[in-house]
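Taking it in order: structure first as structure tokens, then the write-up.
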Amino acid sequence: MKKIIQDIKMRTMVVLAVMATLMLTSCSMDQTPYSEVVPESYVKDAQSVNTLVMGCYNGLHNVMQYEWAMTELRSDNARMYGNNSTSNTTKLVEQLDQSTIGTEHEWVSDYWNSCYALIARVNSMLSHLDVVDNAALRNQYEAEGLFLRALMYFDIVRMWGPAFIVTQKTPSDVARYMQRSTVDETYALIEGDLERIVVNDMLPEVMDGANIGRVDMTAVKALLAKVYATHYHKGDAEYARARELCLEVLKGAKAGNPTSAADLVPYPDIFSINKEMNKEILFTVRYLSGNVGLGSPFGNMFAPINNAAIVIIGTSNNYNTPSDNLIVAYQNQGDIVRFNTNISQGYYNPTTGATVEVNYCKKYLTPVTTQFDGESDWPLLRVGDIALLFAELDNELNGPTETALNYLNMIRQRAGISTYTMDELSNSYDFREAVRLERRLELAFENQRWFDLQRWENTTTVINNYLATEAFYAGYSYQVKPIDEWQTMLPVPVSVFNINPQVAQNVGY
């Protein structure tokens, strides 16, 4: 499997590097080389700072490499392909699938390092903003950095809880003795960074032209809405503000103020490599095929094993295998459009004339000429997500409303399935359950399900029911155990304790 994760320990979080960038003439989000090493003397003007910003964006590739395993794989949407294997890699997948993760888990460590490496890139870029003379451009670069840093800390606080807060270059002798900040302190940083962007109007509402793909104000508002909805509860002013932010995003230029499914991008087109950066996309991790080191690995990672290059050329791992539980959820709704976009249950072998029956995630599977070099982008924020979040929040704050129902039904109309009437969802509980189901079906394999369960505070209930009823887990030579609440948090990697033995570990590890 292609490995693009840099081995960056906590004590070297302060290192940013950019290599081979003087030749760049485009700021396209999917055409900038990865960051490596840069001397301080390199950053002399706005162009060189822009290159650093591009290095920050490309750091998202490292983060995404294993985020599916920290989210979808641990949820009821996906599972590992085979059971009872003894290979080292299979054991890593198995531990995440069953939430029996240890402190030395390589993928958890890689994910941790990648999040903090991106934070370090951002902090280094922000330290060079004084060379940018144009105030609007300086604001843009700062806002892009603050957004990406907030995005990383939002992932970290939801995965690990208390975080190491680093907002500037930090000497290694200081980093060595740092302690984790509280969850509330971490959220204060996230919210402060995003609120600063909004209050000071640091970005255009929507990026266009050569800047398409970069963070804009719509993406900032969408992320801030999700942060508020996660951190706060009904009765908090910020929770109500999350609803208003969702409405601002939906009524903004990017979404086009949709009032029916006809105003939305057709579901399969959202993920089409021929229709990238469509109006559904608020922010996405961009990939570029063509053997330039920026291709997506997920087609190969998720394609069925031993498919003889029928499904995709090169290695294939069958990671992120769709669960029977999810498949049945689609079938119960007659949800053919989204099912066929997200999942395949087999492929035809022209040599044998037989159909090979195997479930696999095909959402990011596009033809490649070189393995691990796909074109598919990975959306992080999109209109369907925010429409359903608005419906959820509006119901929690105001009970079922016609406006909330309209947004819920828009998403179902786009999927080609039956819509609800107000009589069918006449109370908050029924409406809540309908929205939660819809979020699962709409956002499957986009790394949202685990975070939704955590936000709804029902992770252990849902996962334990899933582990007890999914036939796959009965096939193990041992009994798969239900999870406890402490297992919903990831362990702080042992490498951190090798640097600072006084760091507090999460409960249970």
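The values are calculated or read from the model by the stated rules, or taken from the named source; none is laboratory data. Worth saying up front: this structure is predicted, and the values here are computed from it rather than measured. With ideal geometry, Cβ positions are generated from the backbone for all residues, glycine too; neighbour counts draw on all protein chains shown. We work out accessible area using only protein heavy atoms, side chains counted, and drop any ligands, DNA or RNA first. Shrake-Rupley method; radii C 1.70, N 1.55, O 1.52, S 1.80 Å.
I'd like to check something: does the stretch 414-422 contain any residue that is among the β-branched types (V, I, T), out of contact with any Pro (no Cβ under 7 Å at 6 or more places or on another chain), more than 15 Å from I101 (Cβ to Cβ) and not in a loop (DSSP other than H, G, I, E, B)? Within the stretch 414-422 (the criterion being among the β-branched types (V, I, T), out of contact with any Pro (no Cβ under 7 Å at 6 or more places or on another chain), more than 15 Å from I101 (Cβ to Cβ) and not in a loop (DSSP other than H, G, I, E, B)), the answer is no, since none of the residues qualifies.
Summed over the stretch 460-507, residues that are part of a helix (DSSP H, G or I) and over 21 Å from S323 (Cβ atoms) total 8.
Taking the options E195, E205, E191, E144, name whichever one is open to solvent by 30 Å² or more (accessible area, probe 1.4 Å), assigned to a helix (DSSP H, G or I) and modelled with pLDDT of 95 or more. Just a single option satisfies the conditions, and that option is E195.
Has the stretch 391-400 got at least one residue that is among the small types (G, A, S), touching an Asp or Glu at 6+ places or on another chain (Cβ under 6 Å) and part of a helix (DSSP H, G or I)?
no
For the stretch 128-139, state whether one or more residues are surrounded by 20 or more Cβ atoms within 10 Å (Cβ to Cβ) and part of a helix (DSSP H, G or I). No, the conditions are met nowhere in the stretch 128-139.
Of all residues in the stretch 391-402, those satisfying the criterion of being open to solvent by 10 Å² or more (accessible area, probe 1.4 Å) and either in contact (Cβ under 8 Å) with a residue 12 or more places away in the chain or aromatic (F, W, Y) (or both) are E392, E396, L397, G399, P400, E402.
Quick one: is A219 buried (at least 16 other Cβ atoms within 10 Å of the Cβ), of a type outside the set (S, T, N, Q), under 20 Å from I119 (Cα atoms) and more than 20 Å from the chain's Cα centre (by Cα)? Taking the combined requirement at face value, the residue does not satisfy it.
Regarding the stretch 335-348, can at least one residue be identified that is free of Cβ contacts under 8 Å to residues at least 24 places away in the same chain, aromatic (F, W, Y) and under 26 Å from D324 (Cβ atoms)? Within the stretch 335-348, one or more residues are free of Cβ contacts under 8 Å to residues at least 24 places away in the same chain, aromatic (F, W, Y) and under 26 Å from D324 (Cβ atoms).
Report yes if some residue within the stretch 337-354 is part of a loop (DSSP other than H, G, I, E, B), at negative phi and surrounded by 18 or more Cβ atoms within 10 Å (Cβ to Cβ); otherwise report no. No, the stretch 337-354 has no match at all. Any residue at all in the stretch 171-179 that's touching a residue at least 24 places away in the same chain (Cβ under 8 Å), surrounded by 14 or more Cβ atoms within 10 Å (Cβ to Cβ) and assigned to a helix (DSSP H, G or I)? Within the stretch 171-179, one or more residues are touching a residue at least 24 places away in the same chain (Cβ under 8 Å), surrounded by 14 or more Cβ atoms within 10 Å (Cβ to Cβ) and assigned to a helix (DSSP H, G or I). Within the stretch 470-480, how many residues are farther than 20 Å from D335 by Cβ and either surrounded by 13 or more Cβ atoms within 10 Å (Cβ to Cβ) or touching an Asp or Glu at 6+ places or on another chain (Cβ under 6 Å) (or both)? Matching residues across the stretch 470-480 total 3.
Say we look at the stretch 222-277 and pick out the residues that are of a type in the set (A, V, I, L, M), over 26 Å from D155 (Cα atoms) and modelled with pLDDT of 95 or more; which of these is surrounded by the most Cβ atoms within 10 Å (Cβ to Cβ)? Of everything passing the filter in the stretch 222-277, L264 is surrounded by the most Cβ atoms within 10 Å (Cβ to Cβ). Between E375, E357, which is charged (D, E, K, R), within 19 Å of the chain's Cα centre (by Cα) and over 18 Å from R414 (Cβ atoms)? From the options E375, E357, the qualifying one is E375.
In the set R436, R449, R414, only one residue is open to solvent by less than 40 Å² (accessible area, probe 1.4 Å), modelled with pLDDT of 95 or more, over 20 Å from V265 (Cα atoms) and of a type in the set (D, E, K, R); that residue is R449.
Residues that are farther than 22 Å from I270 by Cβ and either surrounded by 14 or more Cβ atoms within 10 Å (Cβ to Cβ) or touching a strand residue (DSSP E or B) at 6+ places or on another chain (Cβ under 8 Å) (or both) within the stretch 417-426 comprise Y420, L425, listed in sequence order.
Scanning the stretch 285-306 for residues that are open to solvent by 10 Å² or more (accessible area, probe 1.4 Å), out of contact with any Gly (no Cβ under 7 Å at 6 or more places or on another chain) and within 20 Å of W68 (Cβ to Cβ) gives a single hit, I305.
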